[in-house]
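Have a look at the structure below, then the notes.
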Amino acid sequence: MKQKYALCMLAIIISTALFCGCGKDNATAPEVAITVTPVLKITNTDYTSSANIGDTASVNHLTKAYESCYSDELKMDIFNYMHTQVALSGQDISSYEKCLNATGLPFSTEMLLLCYVEKAKYKGRDAWIIQNIKGFGPSRFLGYKVFVMDAVNADTLCWTQTK
């Protein structure tokens, strides 16, 4: 219990420092504030196929909110925000990090934003469902991709994408 509390407190301190801009040069251009946040769901749903996995509402909300103000810094702020939310929810943050990193999303140079994460099951196995939006700006929306990752060993169980 003390370890979970310590991890949560550490996550709060790190995210506060990131969101407040600690250590940043205040003379730079204003940053984009996170006004619309990605969705985190913790469910007992056991999906049996890739149909109906993901969340189109979060895709629509984040796309509209950030289509004209996307930045790599916003992308990282959203990854950090979700990291904090997963830690605060009491989930295994190490499992989430391994699965997220296995998708390659945090290392991608593409214009993308994390929009939805769900802890659920897929065909009886504990899984992290990780959805991102690709492409931003007028006429640049390229769709979204949903990864279903085995929560134990970070293997890709399935994935789907639009466009």
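So who's got an amide H within less than 5 Å of the one on Tyr70, skipping anything under 5 residues away but keeping other chains? H placed 1.01 Å off N, in plane.
none
Can you give the net charge of the other residues whose Cβ lies under 12 Å from the Cβ of Ser108, counting K and R as +1 and D and E as -1?
With Lys, Arg at +1 and Asp, Glu at -1, the net is +1.
If we count other beta carbons within 10 Å of each Cβ, what is the order of Phe79, Phe147, Phe107, Phe136, fewest first?
Ordered from fewest to most neighbouring Cβ atoms within 10 Å, Phe79, Phe147, Phe107, Phe136 come out as Phe107, Phe79, Phe136, Phe147.
Starting from 0.36 nm per residue, how many nanometres of slack lie between Thr160 and Lys41 once their C-alpha separation is accounted for?
Gain in length upon complete extension: 41.0 nm.
Can you list residues from other chains, or at least 5 along the same chain, whose modelled amide H is less than 5 Å from the amide H of Tyr144?
Lys134, Thr162
Just so you know, all these numbers are worked out from the coordinates, no wet-lab data involved. All values reported here derive from a predicted model rather than from experimental measurement. We place every Cβ from the backbone using ideal geometry, glycine too, and count neighbours over all the protein chains shown.
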